[in-house]
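To start, the structure under review is shown below, and the notes come after it.
Rule-based calculations on the coordinates, nothing more; no lab input. Since we're looking at a predicted model, the values are computed, not measured. For neighbour counting, all protein chains shown are included, and Cβ atoms are generated from backbone atoms with ideal geometry for every residue, glycine included.
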Amino acid sequence: MLGTSYAALNSRQYYWTTITMDSTITIRSIAPGDNAALARAIRDTLTEYGAAKPGTAYYDEATDHLHELFSRTARGAYFVAELAGEVLGGGGIFPTEGLPADTVELVKLYLLPAARGLGVGKALINQCLEAARANGYGRVYLETTEELTQAIPLYERLGFSYLPQALGNSGHFGCQIWMIKAV
């Protein structure tokens, strides 16, 4: 990585870039035309890791309508990573039903292989943590599956700790790992 820049445009829009040897990866707020590419990135990643199973984002109807979901959700945010106009993945925060009032869920954080190993996942998570703070949350909760072996160590390095059971009512009964972090 040759350089990184970050700027908050307002509490719901962020812009981040990383300049690699041959390209620039940008992280920005979700836009109306992102739905199909994000759904494909989520489902392709879950398939790649053998986690395309009921009770995960693979079968979640919201996966196909992320822009609409996040544009009508107060105190939520979703960010997209792109390279040369191609969506590489994304991640966001969502006030999942049943969570404590001070807690938001880190949701639908998936990256295609071209974005992995470049710090993009970490940058997406950090933007989500900042958005959580900016929206008045004190904790960020996440659910994941044991198959997502690259993501779990990253969550640990970023200070997420394990919980003995799920919080809230996400409907993702296929997830066996629950974590939380104070922000």
| task | For segment 75-91, just list the computed ³J(HN,Hα) in residue order, Karplus coefficients 6.51, -1.76 and 1.60, θ = phi - 60°, integers in Hz, with x standing in for Gly and Pro. | result | 6, x, 7, 9, 10, 10, 9, 9, 10, 6, x, 9, 6, 9, x, x, x
| For the chain, what is the charge dipole size about the Cα centre, in debye to the nearest 20, if Lys and Arg each add +1 at the Cβ and Asp and Glu each add -1 at the Cβ? | 440 debye
| request: Quick one: what are the phi-derived ³J(HN,Hα) couplings along segment 164-175, Karplus 6.51/-1.76/1.60 with θ = phi - 60°, whole Hz, x for glycine and proline? | output: x, 7, 5, 10, x, 10, 6, x, 8, 5, x, 8
| task | Compute the longest continuous run of the chain that contains no exposed chymotrypsin sites (Phe, Trp or Tyr not before Pro); treat a site as exposed when its DSSP state is not H, G, I, E or B and it has at most 16 other Cβ atoms within 10 Å. | result | 60-172
| note | Note, V183: beta-carbon cut-off 14 Å, +1 each Lys/Arg, -1 each Asp/Glu, net +1
| message | Could you work out the relative contact order of the chain? I mean the mean sequence separation of Cα pairs under 8 Å and 6+ apart, divided by the number of residues, in percent. | response | 20 percent
| task | Tabulate in residue order the Karplus-calculated ³J(HN,Hα) for segment 54-67, using 6.51 cos²θ - 1.76 cosθ + 1.60 with θ = phi - 60°, rounded to whole Hz; enter x for Gly and Pro. | result | x, x, 10, 4, 4, 9, 6, 4, 5, 4, 8, 9, 5, 4
| task | Under 1.5 on a/c is rounded, so check that first for segment 3-182, then, if it is not, pick prolate when a/b is larger than b/c and oblate when it is not; a ≥ b ≥ c are the square roots of the alpha carbon gyration tensor eigenvalues. | result | rounded
| note | With -39,500 (n - 2.57) per DSSP H segment of 4 or more residues and division by the full residue count of the chain, the 222 nm estimate, nearest 500 deg cm²/dmol, is -7000 deg cm²/dmol
| Calculated FRET value between E61 and R139, using beta carbons and R₀ = 41 Å, to 0.05 | 0.95
| request: Collect residues whose amide H, placed 1.01 Å from N in the peptide plane, falls under 5 Å from the amide H of V107; neighbours closer than 5 in sequence don't count. | output: G92, I93, F94
